[in-house]
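Structure provided below as structure tokens; questions to follow.
The numbers here are math on the coordinates, done by the rules we state, and not lab data. Quantities reported herein were computed from a predicted structural model and do not represent experimental measurements. Reconstructed Cβ throughout: ideal geometry from the backbone, glycine too, with neighbour counts over all protein chains shown.
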């Protein structure tokens, strides 16, 4: 695959020759897409995945815009599809250097009702897609990372604090962050690093399911030390740090990219 490195901060690109799997691009507003664009500009070969036909119609044009020809199906709830994805990547690439896991989901009803009324099925669904999927992906990736690698995932402050209307997703993110630490401990001997980025609220397709999200954005910008909302590009820059050798000694961490909101007492 040929990718443009025009505008690269590192000459030919700090990711030249690197192969990166990105899960979770939904549209051009996705955090995962901002990371993908940054990786492409730095010379990475990227594979994008899609859940279903509707999302494929959104993902393929984005892939084409950066010269990406590796676009594969993957429902993270299906062990068969995960097995097929990594078998296909092994066939095409042989090895993988990095993985971007940006996958999360909860039923809208379970975000709108009181947390104590969360359904059993909804709880299981949110934990399966939003947390266990990272474990499932990392376990399969180990074989394709014989020289080591870097895996990152996306989380949110709701993992630590009770954020209004975040509900079961906060519990799922807490499980995700704990999984990051256990995966980091488990895979460290293989020189595979696992870290998480806790981004502030960003207007994405996933965020659209959170009730009163516009009010959340306004309150965030008012209270954050930098007095603004975080943007996709802010997260992408931190992602490049974690995926590159610049963070070679860092694993098991949750780093906040939230304009400082998490340090405040509000």
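Return the ratio Rg/(2.2 N^0.38 Å) for segment 122-266, where Rg is computed over Cα atoms only.
Normalised by 2.2 N^0.38 Å, the Cα Rg of segment 122-266 equals 1.07.
Taking a ≥ b ≥ c as the square roots of the eigenvalues of the Cα gyration tensor of segment 62-185, is the shape rounded (a/c under 1.5), prolate (a/b larger than b/c) or oblate?
Note, shape of segment 62-185 comes out prolate.
What's the extension gain from residue 64 to residue 215 if we count 0.36 nm per residue and subtract their Cα-Cα distance?
The span from residue 64 to residue 215 would gain 50.8 nm if fully extended.
Suppose the chain between residue 164 and residue 264 were pulled fully straight at 0.36 nm per residue; how much longer would it get relative to their current alpha carbon spacing?
Difference between extended and current length: 34.3 nm.
If I take every Cα pair under 8 Å that is 6 or more residues apart in segment 1-150, average their sequence separation and divide by the length, what percent do I get for the relative contact order?
Once divided by the residue count of segment 1-150, the mean separation gives 24 percent.
For a quick protection proxy, order the peptides 74-82, 94-102 by their average other-Cβ count within 10 Å, most packed first.
Descending packing order for the listed peptides: 94-102, 74-82.
May I pose another question? Normalising by the residue count of the chain, find the relative contact order in percent from Cα pairs under 8 Å and 6+ residues apart.
With pairs under 8 Å counted, the relative contact order is 18 percent.
If you don't mind, another one. Where does helix 232-243 land angle-wise versus the long Cα axis of the chain, in degrees 0 to 90, nearest 10?
50
What angle, in degrees between 0 and 90 and rounded to the nearest 10, separates the Cα long axis of helix 53-65 from the longest principal axis of the Cα atoms of the chain?
50
Residue separation times 0.36 nm, minus the C-alpha to C-alpha distance between residue 93 and residue 231: what's the value?
Separation in residues times 0.36 nm, less the Cα-Cα distance, equals 46.5 nm.
Separate question: Can you show me the helix-derived [θ] at 222 nm for the chain, built from DSSP H runs with n ≥ 4 at -39,500 (n - 2.57) apiece and divided by the number of residues, rounded to the nearest 500.
Taken over the chain, the calculation gives -12000 deg cm²/dmol.
For residue 182 and residue 84, what is the calculated FRET efficiency with R₀ set at 22 Å and r taken between the beta-carbons, to the nearest 0.05?
About 0.25, to the nearest 0.05.
For the chain, take the longest principal axis of its alpha carbons; what is the angle in degrees between that and the long axis of helix 31-41, to the nearest 10 within 0 to 90?
Around 30 degrees separate the two axes.
Could you state the orientation-averaged shadow area of the convex hull built on the Cα atoms of segment 1-144, in nm² to one decimal?
The directionally averaged projection comes out at 9.4 nm².
In nm, to one decimal, how far is the modelled label at residue 113 from the one at residue 77, with both set 7 Å along Cα→Cβ?
Taking the simple label geometry, residue 113 and residue 77 are separated by 1.7 nm.
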